[in-house]
1. Take Arg59 and Asp97, extend 7 Å from each Cα along the Cα→Cβ direction, and tell me the distance between the two endpoints in nm.
2. Quick one: what Rg and Dmax do you get for the range 1-68 from the alpha carbons, in Å?
3. Roughly how many debye, to the nearest 20, is the charge dipole of the chain about its Cα centre, given +1 on each Lys and Arg Cβ, -1 on each Asp and Glu Cβ, and no other charges?
4. Just to confirm the number: angle between the C-alpha axis of helix 45-60 and the first principal axis of the chain, 0 to 90 degrees, nearest 10?
5. Rg and Dmax of the range 189-335, Cα atoms, in Å?
6. Using the charge dipole of the chain (Lys, Arg: +1 at Cβ; Asp, Glu: -1 at Cβ; taken about the Cα centre), state which of Leu307, Thr147, Ala191 has its Cα farthest towards the positive end.
7. Of Ser157, Gly92, Leu24, whose Cα points farthest to the positive end of the dipole of the range 4-175 (charges on the beta-carbon: +1 Lys, Arg; -1 Asp, Glu; origin at the Cα centre)?
8. Restricting attention to the range 94-192, which GluC sites (Glu not before Pro) occupy a DSSP loop and are surrounded by at most 13 other Cβ atoms within 10 Å?
Amino acid sequence: MPELGDTERARGLAALRDRFDRALAAWLGDDRDVVILDYPNHDNVGDSLIWLGTRDSLRRLGVRVAYATSNEYLRPELVDRLAGLPVLFHGGGNFGDMWPATHTTRLEMIRRFPDRRVLLLPQSVHFEAPDGDRETVRTLTGHPDLTLFVRDEPSLSWATAAGVRAELVPDAAFATEPRRLPRPRGTGAVAVWRSDKEARPGQELGPAAAGLTRTDWPEDLAPARRAFMAAMRLHVLLRAPRGVRRAAVLACDLMAARELRRGIALLADAPVLVTDRLHGAVLGLMTGRTVCRVDNTYGKLAAVLDLWWPGEPAIATAATRAEAEAWAVGRAGAA
């Protein structure tokens, strides 16, 4: 029998799935075919979780993905062939100037398709440079039919001030079907720490304590990823006839599912998790773990988790990685 806390968590997740589905259904209206751009062809497991949540929601709504591709293999002329279909952009935390390559491509594609309905799936908006958002504001407000879904209130405030049509919507990861998310059955604790520029400085750690495993989403050049990239190159070479477009969508789905399984395996079946990755925390909560979070450089974790999962007893907060690891060791030892 599930414990009361597990039941309440499941109800909360079901409510978030439903809210995401309703927001997406309202935007889509009668459209039943879409294009999705910006497949996350990299090693951030959280982005694969976002992709799968989006795809699960579209399936529940009976919406087909006519074409999908990652930025490396994006050829706008192939999207041109699918005249009239709405264009969706993958959600996440790369909206702004911290990850400029992805954001620049996104803006280029928005300008390329002024005749399409465009939806930016739930984003966290963050600009480091003063006035670094000028081009973004011009591009978004200059499109005649664009909507920005945002996943936190600071991002909604930015959009409102900029005059961008926006709606507050849960992160797409929350829309993932529970069948994809096995619960932990082991013991101990795991720490998933960022090793990129979103990690707060001054977070050095000594040797890991007994019973604690440290990791991050690792780089992966396994045959499956090479096969994915070969499939995407082939679809460009063949100029994406209908059957090849379907194969490209399937390749994205299969690769994202593989990445999620790899991420779950990295959690080492431990019931206690500490992390400064938003989707490390989200994945931990969705799989029934107890989580302690340390925020990233601009407060992304608090902005999202406190909004959509307020007062959750399974979430603790620490100011530093060392503090979080001490909490995890104590929690795992008491279990």
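1. 4.1 nm
2. According to the Cα coordinates of the range 1-68, Rg and Dmax are 14.6, 42 Å.
3. Working: 45 positive and 43 negative charges, 252 e Å.
I would put it at about 1220 debye.
4. Long axis of 45-60 versus the principal axis of the chain: about 60 degrees.
5. 18.4, 58
6. The listed residue farthest towards the positive side: Thr147.
7. Value computed over the given set: Leu24.
8. Values: sites: Glu108, Glu128, Glu135, Glu167; in loops: Glu128.
Hits after loop and neighbour filter: Glu128.
Taken together, the values in this text are just the output of simple stated rules run on the coordinates, not laboratory data. Everything numeric in this text was worked out from a predicted model, so none of it was measured. Here Cβ is always computed from backbone atoms with ideal geometry, including for glycine, and neighbour counts include all displayed protein chains.
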